[in-house]
Every structure is written in C-alpha cells, then in structure tokens.
Amino acid sequence: MTEIIKVGLDERSYDIHVGHGLLAEAGVLLKPLVRGPLPVVTDLTVGEIHLADFLESCGKADLDAHPIVMPPGEDSKSFAGLAELSRELLDTGVDRGGLIVALGGGVIGDLTGFAAGILKRGVSFAQIPTTLLAQVDSSVGGKTAINAPQGKNLLGLFHQPRIVIADTALLSTLPRRELLAGYAEVVKYGALGDAEFFSWLEQNGAKALAGEKSALIHMVAHSCRMKAAIVARDERETGERALLNLGHTFGHALEAATGFSQRLIHGEGVAIGMALAFELSVKLGLCPNDDSDRLTRHLKAAGLPSAIADIAGPRPAVETLVAAMGHDKKVKDGKLTFILVRGLGRAFVTNDVPLDAVKDVLSA
Ligand SMILES: NC(=O)c1ccc[n+]([C@@H]2O[C@H](COP(=O)([O-])OP(=O)(O)OC[C@H]3O[C@@H](n4cnc5c(N)ncnc54)[C@H](O)[C@@H]3O)[C@@H](O)[C@H]2O)c1
C-alpha cells in the first residue's frame, strides 16, 4: 500500500512515495535517475541502523553506492560540515548528470540538498527521510540550508529533490521524543488549513504514533499532500507558503532562548508556538476559545508540551523572547510576521499584531 503524491513544479516536478518497507525498493526507484557513482549521505546513528538495508537495495538494482557518514546532530549543518561533505562528494566523482542521496533526518536532508545544489553548479539529489519531521516536512519543498553563526538556516538555496522516498517503517527506530516532535508538524497541517484532518488526528493520531501501518501512511501522505499543494502554488514563499510557519515565530524564539539545546527540540518549540499563536488569536478576538482549547488538549494528549511552563529549567524572560523574535528571519520592514488563525484550519498571515498582546501571551 504505497501512496504517491506529485509535487507539481513544471520541469522540477517530482513524486513523493509513502509506504511501509519502501527502503527495500529504493534502489529500483532511484535507478532511472542515476548515472555514475551514487553518493549516499547519512549520519552515524541512521547509518548504523538503516544503511546496510539501503545498500542491499542499491546492490539489487546494480547501483554503485558510496556511503558518506556525517556526525549526527545540528552541528553538521555548518560551514565545517559542508566543507567536509563537499570534499567527500567530490572524491566520489559524482558529476552534474548524477544523483546524490540524503538518507536521514532534516539535518542530513538540508545539508545534503545544499551541498548538492552548489556542487559543480548543481547536482540532482534524492531524499530518503528517516524522521517523522523529515517525512512530513523538511524533505518536501526544496528548502536547503546550513546554519551561520548569526542564526539557523541563513545560508541555503531552493533545490528541489528529484524524488522523495518516505518509508514509514523507518520511524519504528526513532526515539519517542523525536517522533512526537515530528508529530507537532503533522498537527500543524490540520491547524493551519484542514480542520477535517485535525479531527482525524484527534481520532487516529495515537494509533499512527503507535505504529499502526495504515494510520501512519495516511498521516504522512496527507501531510505531504498538503505541503506539496502549498509549495506548488508558492515555491519561493512570496505568500501562502508562509502559513507553514504557524507556531514558528514563537517556537524559534523559545528555541533561541533555550540555546537550541535538548531542553527544547524544534518540534516541541513548534507545538508550544502553535498553542501561543492560537491564544494570541483568541486574545485579538479572531478565534473561538474552543478551537484554542481543542488544539492544546490534543497536543497534551499526544504527549507534547503546549505551554512555556512545560519547558524544563528556568522560564525564559518575556523581553528575551521578544528580542529573539526580532532576530527571526521572518521580519519584514521592521514588523513581526505572525501566522494567526480564525479557527482550526483557518490560518492567515499578518504583520499587524500589537506588541502588548504578544507580551501578554508570553507572560500568561
Ligand atoms: N528544509 C526544510 O523545509 C525544513 C523544515 C523543517 C525543519 N528543517 C530542519 O530539519 C532539521 C531537524 O530535522 P530532524 O528533526 O529530522 O533532526 P535530525 O536530522 O537531527 O534527526 C534527529 C535525530 O534522530 C536520529 N535519527 C534519524 N532518523 C532515525 C531513525 N529512523 N531511527 C533512529 N534515529 C534516527 C538522528 O541521527 C538525529 O540524532 C533542523 O535542522 C531544521 O532546521 C528543515
């Protein structure tokens, strides 16, 4: 039972394959796209668990795979990580007609996509996402980046993959905390644009998180379908794509204030950020309180944090958070861009939010 979702971007269109056990078929799916050596970039953790199966599938398709193993963690998305990866990619001899595979979470996908985009002025790449966050979000849409000392994801380019292969079976080895962090991005799709999907998650989200195959495939595929549709309409984020940042202005500020550490991982920041965006929308008289309560209830039921007080350690000061929002790259003409909601599934972009209301929500 594989679902195939098309990302419609003219000559840059590609398919997202979502299914259970797809890694075994990856070699066959990739084969038509490969010419010459096939570099496969992964991280040490994913490599130890899943690389052998992927290499076996490449072997069956007669592909000449060259594994490149990076250290796990955000630090690899850096100048140093890019330099190391570029050197190794060049050593494989891959050229502009070839393909590079990213086998890993969002870190490996973002880093590999960026390296592929600049290597020899652009080599094609394929995404085989191994975290829930990467399967429903980062592997789709072509945003690639590394971090700069000044902030996250500040150096990058739009470089669409040629294919995305999301094997939901790979999620069974993911630590529970990482799985839940990815689930926050799933909830985001319902919260921003699909109230029916939100209701489906209320009924079936726990089953999907417990690994029930059909629920998991539907959840990943539906999320990809929503992202694919938005990206097809607004590839370069000049408008609608910004809705995907629901919860991210607050979330990034919380991540920054907690030092981008294990105190709060990205998806957890998004979960709290979404709850705060709904609270802000209620405060501004835009959204029914019931919808905000439903969102918070569902995040809690899933085991996600939904309030600043849920973050372990000292509470970040309101002024620190406001300052961090000012540094967020979604600032335009000195105004903060917020994604607010008129209810579940009804998000919109605004830069007309009174700072006092933001501060009230942050101190509540
Ligand atoms: N490009 C985009 O559109 C986009 C969107 C959202 C996030 N991102 C980026 O994604 C990154 C976060 O991605 P992530 O949450 O996937 O983190 P990650 O890539 O760091 O993976 C999280 C951890 O899980 C491990 N892991 C991965 N797959 C596993 C598996 N199947 N089994 C066991 N362990 C596994 C990894 O080794 C790592 O330690 C951030 O850098 C963020 O900026 C990019």
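The values are calculated or read from the model by the stated rules, or taken from the named source; none is laboratory data. Given the structure is predicted, the values throughout are model-derived calculations rather than measurements. Methodologically, a virtual Cβ is constructed for each residue, glycine included, from the backbone with ideal geometry; neighbour enumeration extends over all protein chains shown. The protein model used for the area step is the full one, side chains on, heavy atoms only, and it has no ligands, DNA or RNA in it. Shrake-Rupley method; radii C 1.70, N 1.55, O 1.52, S 1.80 Å.
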I'd like to verify something in the chain: which complete DSSP H helices, judged by Cα projection on the helix axis, reach 15 Å or more and average at least 0.0 on the Kyte-Doolittle scale? 79-92, 106-118, 176-193, 213-233, 266-283
Within the stretch 56-99, report the trypsin sites (Lys or Arg not before Pro) that DSSP leaves as loop and that have at most 16 other Cβ atoms within 10 Å. R96
Name the long-range amide H neighbours of D64: under 5 Å, sequence gap of 5 or more, or other chain; modelled H, no Pro or chain starts. L38
Note the full-extension length gain between K120 and Q203 as 0.36 nm times their separation in residues minus their Cα-Cα distance, in nm to one decimal. 25.0 nm
Around S13, which amide H atoms from residues at least 5 apart in sequence, or from another chain, sit under 5 Å from its own amide H, with H modelled in the peptide plane? none
Would you calculate, for the chain, the mean residue ellipticity at 222 nm contributed by helices, counting each DSSP H stretch of 4 or more residues as -39,500 (n - 2.57) and dividing by all residues, to the nearest 500? -13500 deg cm²/dmol
Average accessible area per residue (Å²) across the chain - probe 1.4 Å, nucleic acids and ligands excluded: 41 Å²
Modelled FRET efficiency - R0 41 Å, V28 with S261, Cβ distances, 0.05 increments: 0.50
Could you check the spin-label model distance between R297 and F79? Points 7 Å from the Cα along Cα→Cβ, value in nm. 5.1 nm
How much length would be gained if the chain were fully extended between A312 and D95, taking 0.36 nm per residue of separation minus their Cα-Cα distance, in nm to one decimal? 73.4 nm
Could you check the spin-label model distance between R12 and V322? Points 7 Å from the Cα along Cα→Cβ, value in nm. 3.8 nm
Enumerate the whole-percent occupancy of each 20 Å bin, from 0 to the last occupied one, for all C-alpha pair distances of the chain. 31, 58, 11, 0
For the pair K60/S86, report the inter-label distance in nm, with labels modelled 7 Å from Cα in the Cβ direction. 3.7 nm
Backbone N under 18 Å from the L157 label point (7 Å along Cα→Cβ), restricted to the stretch 104-140: 109-127
Over the chain, relative contact order from alpha-carbon pairs under 8 Å, at least 6 apart, %: 15 percent
Work out the length of the dipole vector of the stretch 85-174 about its Cα centre, built from +1 on the beta-carbon of each Lys and Arg and -1 on the beta-carbon of each Asp and Glu, and round it to the nearest 20 debye. 280 debye
In whole percent, and with a 1.4 Å probe on the protein chains, what portion of the accessible area of the stretch 1-68 is carbon and sulfur? 53 percent
Magnitude of the Cβ-charge dipole of the stretch 227-273, K/R +1 and D/E -1, about the Cα centre, nearest 20 debye? 40 debye
Going toward the positive end of the dipole of the chain, with +1 on Lys and Arg Cβ and -1 on Asp and Glu Cβ, which of G73, A312, V136 do you reach last? V136
Part-to-part distance (alpha-carbon centres) for the stretch 103-128 and the stretch 207-260, which is given in Å: 19 Å
Given q = 0.16, 0.19, 0.24, 0.25 Å⁻¹, what are the Debye log10 I(q)/I(0) values for the stretch 87-144, with equal point scatterers placed on the Cα positions and solvent ignored? -0.44, -0.60, -0.88, -0.93
Can you list the HN-Hα couplings for the stretch 120-125, worked out from phi with the Karplus curve (6.51, -1.76, 1.60; θ = phi - 60°), rounded to whole Hz and with x for Gly and Pro? 6, 6, x, 10, 5, 9
Taking the full set of protein chains and a 1.4 angstrom probe, give the accessible area of V318 in square angstrom, rounded to the nearest 10. 40 Å²
Find how many whole Å separate the alpha carbon centroid of the stretch 173-197 from the alpha carbon centroid of the stretch 60-90. 28 Å
